[in-house]
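Structure first, then comments.
The values are calculated or read from the model by the stated rules, or taken from the named source; none is laboratory data. Here the structure is a predicted model, which means the values were calculated and not measured. When we count neighbours, we look across all protein chains shown, and the Cβ atoms used for this are built from the backbone with ideal geometry, even at glycine.
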Amino acid sequence: MPWARVTTLLTLAIALATLATALASCRGSTVVALPRLASPVHRPPTTASGSPPVQGPISSPGGPFLYDDQGRVVFLHGVNAVYKLPPYELYPAPGKPWSFTASDASLIARLGFNVVRLGMTWRGLEPGTAPANDPAICKSGTPRDPGQFDQVVLDSYLHRLARTVELLGRFHIYTLLDMHQDVYNEMFDGEGAPDWAVCTGGVPNTDPPGRWSRNYGTAAAGTAYRHFWTNDVVGDLQGEYDRVWSAVAAYFRSNPWVVGYDPFNEPFSTSLVRSGDEQFDGQLECFYTGTAFVGAPTHSAPAIRCPPNDPARGVIPQILAADPVHLIFYEPDIFSRRGSANFVGPMNFPNLVFNVHVYCSQRSGKTGNPTNIATCAGQEARSLQTRSEDRTDLASPAQPHGPAWFVSEFGATSSPALLSRLTGGEDGSLVGWAYWSWKYYGDPTGSADEALVMADGKLRSTATVLARTYPEAIAGRPTSLSFDPASGAFHLVYIPDHRVRAPTVIFVPTAVRYPDGYCARASGGSVISRPGHDILEVSNASTGSSVSVDVTSGACPSR
């Protein structure tokens, strides 16, 4: 099908869906189907020179922003893609529910996303053969090799994962590799750890009625988590986890489309409930750093005392030893997503990114949608502000102004109204993000309305909020950023860095938002891309202290 026709159809469908969304919001509904995923595969948008808008290694030298190798500030917008059932990964496999294809990657790129937080699990990487509660692994004692590692199994898993990374790279999309877990293991209606790494100490497992997340509060799940965080069984749970991460990092060390690694999704311990965040956050920092590198806590918490059997070199130095190039997107504990205090302190390592999740507590347990949009938006705005303030407290000699930060999960809703407020807040905070989640995969630990692509293959109307005009790379330091999903109006102000020779690059979702084209104007610089192109390029003036760029819907008025 010719591209012009496809663009017209996509534009028309989404324009109609936008109208339907507005009408539906008046009725209280937030679910409106958009075009099917089974659309033609298109080449990704490029700059005038034919190159990707952003490519090559991304760095986090200190301060709130990420940078490319040309010295430009980089913004990442993307989605999460996590398959939580066997085979615990997404890769091209026609006819399989876990298949991730060029159609996926093409649509992700057309919506303007330049990063995918791609899930993997410890169980997939190191399934082992021992059962849960094996005495040879779960008895107390000095940690040692549990004998569950299989290089052939791990390489096979990583080879399939690499196919997805390569596919995304062909569409100029970075991959953030996420070691995903929820409620530790399938025994607790979750996923993540292999069976052999489950040690419940004889505590019987119960399955409380209601939402899956209630399993976090069970004694058996709490015991399994505790044995992992204290590393107090002979199976050396943390040591094996670090070993697997080292192998993953070594495998992807030279991959140009891997942006980095997320070592542990939403860390949880029952001590968060019993004793407060500071106790567990100390254990979490020990897991990240190892006993040889642990630093100081934040917010006047007590000095950190690591469990005696924790590895000397934690997961972060292990990853850095295997791959000193890519970034490490580490997370605070699970309750930080609702604004609780963070007590994981500064860690003196390079390449760190403070990786936060932002969710509201006032949501439906079934759909994930807000029960009160104003309450949710307010709580999530406060959480975002708190995490922004935390970031500056995390300065270290390796990152003197603190690590960069990134919102790797937010949303999980079919409410365009809530997403409009959340994405507007993230623009105002000058932070990148990845929406949860991309596609409906029958998520065992999720909610019904989280996916951008529904079970029938249709795109939700929330795409009209998430497909935004935004700067992928800025030749200077941004000071103001805004986008109005209703009108398509975009505004960017930045302080130019005259040492940077590459232009500022802005993605403009022409097929989604601008059926009559767009008008781009720059002050303190010049628009150098052709009119109406998906990639808007702005060259800084040779002098000056400020550049502003505006995009509005429709043709520019004649002068």
TODO: Scan region 63-81 and report the pairs whose first residue is without any contact (Cβ under 8 Å) to a residue 24 or more places away in the chain and whose second residue is assigned to a strand (DSSP E or B) and surrounded by fewer than 21 Cβ atoms within 10 Å (Cβ to Cβ), with Cβ atoms within less than 9 Å and a gap of 6+ or a chain change.
DONE: Tyr67/Ser59; Asp69/Ser59
TODO: Evaluate the following for Asn355: is it crowded, with 21+ Cβ neighbours inside 10 Å, at positive phi and of a type in the set (S, T, N, Q)?
DONE: no
Open item on the list: Go through region 535-559 and report how many residues are at pLDDT 95 or above, part of a loop (DSSP other than H, G, I, E, B), under 25 Å from Thr479 (Cβ atoms) and not aliphatic (A, V, I, L, M).
Closed with: 5
- [ ] Only residues in region 91-106 that are touching a residue at least 40 places away in the same chain (Cβ under 8 Å) and surrounded by 21 or more Cβ atoms within 10 Å (Cβ to Cβ) count as the first member; pair them with residues that are basic (Lys, Arg) and assigned to a strand (DSSP E or B), Cβ under 8 angstrom, at least 6 apart or cross-chain, and list the lot.
- [x] Asp104/Lys439
Open item on the list: Between Val493, Val500, which is under 16 Å from Ser546 (Cβ atoms), more than 24 Å from the chain's Cα centre (by Cα), touching a residue at least 12 places away in the same chain (Cβ under 8 Å) and part of a loop (DSSP other than H, G, I, E, B)?
Closed with: Val500
TODO: Inspect all residues belonging to region 144-160 and state whether any of them is modelled with pLDDT of 95 or more, of a type in the set (Ser, Thr, Tyr), closer than 20 Å to Thr230 by Cβ and surrounded by 15 or more Cβ atoms within 10 Å (Cβ to Cβ).
DONE: no
Task: Residue match in region 382-394 (condition: within 26 Å of Leu452 (Cα to Cα), among the polar types (S, T, N, Q) and touching a His at 6+ places or on another chain (Cβ under 7 Å)) - done: no
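Considering only region 231-243, state which residues are under 15 Å from Val198 (Cβ atoms) and part of a helix (DSSP H, G or I). Break it down stepwise before answering.
Of all residues in region 231-243, those under 15 Å from Val198 (Cβ atoms) come to 231-238, 240-241.
Passing the criteria: Leu237, Gln238, Glu240, Tyr241.
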Task: Selection from region 149-178 of residues that are in contact with a strand residue (DSSP E or B) (Cβ under 7 Å, 6 or more places away or on another chain), farther than 15 Å from Pro53 by Cα and not hydroxyl-bearing (Ser, Thr, Tyr) - done: Arg160, Leu161, Arg163, Val165, Leu176, Leu177, Asp178
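Looking at region 63-80, which of its residues are part of a strand (DSSP E or B) and surrounded by fewer than 24 Cβ atoms within 10 Å (Cβ to Cβ)?
Tyr67, His77
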Open item on the list: Looking at region 395-408 only, could you name the residues that are crowded, with 23+ Cβ neighbours inside 10 Å and in contact (Cβ under 8 Å) with a residue 60 or more places away in the chain?
Closed with: Gln399, Pro403, Ala404, Trp405, Phe406, Ser408
Open item on the list: Take the conditions of a type outside the set (Phe, Trp, Tyr), assigned to a helix (DSSP H, G or I) and more than 13 Å from Tyr288 (Cα to Cα) and apply them to Ser340. Does it pass?
Closed with: no
Task: Contacts under 7 angstrom Cβ, first residue in region 295-307 being free of Cβ contacts under 8 Å to residues at least 60 places away in the same chain, partner polar (S, T, N, Q) and buried (at least 16 other Cβ atoms within 10 Å of the Cβ), 6 or more apart - done: Cys306/Thr291
Open item on the list: Which count do you get for residues in region 103-144 that are assigned to a strand (DSSP E or B) and within 24 Å of Lys84 (Cβ to Cβ)?
Closed with: 6
TODO: Return yes or no: is Trp212 aromatic (Phe, Trp, Tyr) and touching a Gly at 6+ places or on another chain (Cβ under 6 Å)?
DONE: no
Open item on the list: With the requirement that a residue be touching a Ser or Thr at 6+ places or on another chain (Cβ under 8 Å) and of a type in the set (Ser, Thr, Tyr), what does region 143-200 give you?
Closed with: Thr164, Thr175, Thr200
TODO: Tell me, please, whether a residue that is surrounded by 24 or more Cβ atoms within 10 Å (Cβ to Cβ), touching a strand residue (DSSP E or B) at 6+ places or on another chain (Cβ under 8 Å), closer than 30 Å to Asn255 by Cβ and not small (Gly, Ala, Ser) can be found in region 187-203.
DONE: yes
TODO: Determine which single condition Leu177 fails, assuming it passes every other condition in (1) out of contact with any Phe, Trp or Tyr (no Cβ under 7 Å at 6 or more places or on another chain); (2) among the aliphatic types (A, V, I, L, M); (3) under 18 Å from Glu89 (Cβ atoms).
DONE: (1)
Open item on the list: I'd like the full set of residues that are more than 19 Å from Ala489 (Cα to Cα) and either free of Cβ contacts under 8 Å to residues at least 12 places away in the same chain or surrounded by fewer than 24 Cβ atoms within 10 Å (Cβ to Cβ) (or both), limited to region 452-475.
Closed with: Val453, Met454, Ala455, Asp456, Gly457, Lys458
